[in-house]
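Student: Pasting a structure below so you can have a look.
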Amino acid sequence: MIRLEDVYYTYGKGYAVEGISLEINEGQLVAFVGHNGSGKTTIAKLMAGIIKPVKGSVFIDEMDTKNTKHSNIVKKVGMVFQNPDYQLFESTVLEEVMFALKNMGYEKEKAKEMAIKSLEMFGLSGYAQRPPLSLSGGEKKRLTFAIVYAWDPKYIIFDEPTVGQDRKNLQNLSVMINELIKSGKSVIITSHDMEFLWQFNPLTYVIEKGKVVWSGYMKELFAQTDFSMYNLTEPQLSAISRKLGLKQPALTVEELSEVINGVGSI
Ligand SMILES: Nc1ncnc2c1ncn2[C@@H]1O[C@H](COP(=O)(O)OP(=O)(O)OP(=O)(O)O)[C@@H](O)[C@H]1O
Ligand SMILES: [Mg+2]
């Protein structure tokens, strides 16, 4: 479990995170949403132990990040950065994926085998010998997914994973997220992309000015009449379901078409 206890963080002027308490359990999919500058990335970095609270505590399976070595934190938590350039520093794509694995103690040959598999999974096999920073924006982002996937931490944080991804890669990302959840991992996503998050109906925290202003399942968020106060774009399937007067909104087009065709029952 990742647990935040009355966490505060500041970059020097005012609080970027102000008094947040919450728990993330194993096998859970959790989303942090909110507009630019609300504090999502800061919360993600606190959970990954990259920054430490100025007040309050962050626990990762009972380890307080304030007095745990970073090497012990990264065995449990992997974060995919919003800006992949901050995460890529090796000379080839293959070495980039192998880097964390070698640090975790895998022999070079084993690390290479694992890295090749992960690159294949993300359609990056042909890029193995390229310098990471020569990849396109979307490819770099995919490389950061491949790194975290190979590294296989228990808690995985994706900071704005859908930015710059085309349709096929978004589908791959959905498949990967579902697989991770099924295998008992916790997946934490920060995003503006309600349309993408909707299919998962995640446990959602709406963040404003470093505070949690709403929490619950995403279905419930958009079922509220006053959700517009949070300035979030309503997913189309939510809006259509409401207009059709469905008791429960459809999460996927398949679900919706089953209801319309009279074979589903939401
Ligand atoms: N390195 C930094 N130095 C100073 N202020 C920072 C730094 N990083 C973030 N901030 C400030 O902290 C606040 C929260 O930023 P954060 O990046 O956590 O927001 P966010 O919700 O992830 O935004 P976005 O949707 O744009 O990614 C903002 O006011 C931001 O300007
Ligand atoms: Mg951010």
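A short reminder: the numbers here are calculations on the coordinates, not readings from a lab. What you see is a predicted model, and the numbers here were worked out from it, not measured in a lab. All Cβ positions, even for glycine, are placed from backbone atoms using ideal geometry, and neighbour counts span all protein chains on display.
Student: Between 123, 245, 37, find the one with the highest GNM mean-square fluctuation for the chain; connect C-alpha pairs within less than 10 Å.
Tutor: So, out of 123, 245, 37, the one fluctuating most is 245.
Student: For a test of the definition: using alpha carbon positions, the gyration tensor, and the 1.5 limit on a/c, classify the chain as rounded, prolate or oblate.
Tutor: Details: a/c = 1.97, a/b = 1.26, b/c = 1.57.
It is oblate, given that a/c is not under 1.5 and a/b is not larger than b/c.
Student: So, in nm, how far is label residue 260 from label residue 21 when the simple model puts each one 7 Å beyond its Cα toward the Cβ?
Tutor: Placing both labels 7 Å beyond Cα along the Cβ direction yields 4.6 nm.
Student: Using the Cβ atoms and a cut-off under 15 Å, what net charge is assigned to the surroundings of residue 33, where Lys and Arg are +1 and Asp and Glu are -1?
Tutor: Charge balance near residue 33 sits at -3.
Student: Given contacts defined as C-alpha pairs under 8 Å and at least six residues apart, what's the relative contact order of the range 1-80, whole-number percent? If you can, show how the numbers build up before the last one.
Tutor: Working: 122 pairs, mean separation 26.8, N = 80.
Once divided by the residue count of the range 1-80, the mean separation gives 33 percent.
Student: Could you check the simple spin-label distance between residue 125 and residue 103, using points 7 Å along Cα→Cβ, in nm with one decimal?
Tutor: 2.8 nm
Student: How would you rank 55-62, 220-227, highest first, on the average number of other Cβ atoms within 10 Å across their residues?
Tutor: Ranked from most to least packed, the peptides come out as 55-62, 220-227.
Student: Sum -39500 (n - 2.57) across every DSSP H segment of at least 4 residues in the chain, then divide by the residue count to get the 222 nm mean residue ellipticity, nearest 500.
Tutor: Estimated from H runs of four or more residues: -10500 deg cm²/dmol.
Student: Right, next: For the range 131-250, calculate the relative contact order in percent as a whole number, restricting contacts to Cα pairs under 8 Å that are 6 or more residues apart. Don't skip to the answer; put the middle values down first.
Tutor: Working: 99 pairs, mean separation 21.3, N = 120.
Averaging sequence separation for qualifying contacts and normalising by length gives 18 percent for the range 131-250.
Student: Would you calculate the separation in nanometres between label points at residue 229 and residue 91, each defined as 7 Å from the Cα along the Cα-to-beta-carbon direction?
Tutor: About 5.8 nm, to one decimal.
Student: Can you find, among 134, 150, 103, the residue farthest towards the positive end of the dipole of the chain? Put +1 on the C-beta of Lys and Arg, -1 on that of Asp and Glu.
Tutor: Farthest towards the positive pole: 103.
Student: What net charge do the residues around residue 250 carry, taking every other residue with its C-beta under 13 Å from that of residue 250, with Lys and Arg at +1 and Asp and Glu at -1?
Tutor: Values: positive: 219, 242, 243, 247; negative: 254, 255, 258.
That sum, taken over residues with Cβ under 13 Å, equals +1.
Student: Next question, about the same structure. How high is the FRET efficiency from residue 71 to residue 166, r the C-beta distance, R0 25 Å, rounded to 0.05?
Tutor: On the way: r = 35 Å, r/R0 = 1.42.
Calculated transfer efficiency: 0.10.
Student: Another one. Suppose every Lys and Arg Cβ carries +1 and every Asp and Glu Cβ carries -1, with no other charges. What dipole size does the chain come out with about its Cα centre, to the nearest 20 debye?
Tutor: Taking the Cα centre of the chain as origin, the dipole is about 400 debye.
Student: Would you mind counting up the charge near residue 68? Only other residues with Cβ under 11 Å from its Cβ, with Lys and Arg at +1 and Asp and Glu at -1.
Tutor: In short, +2.
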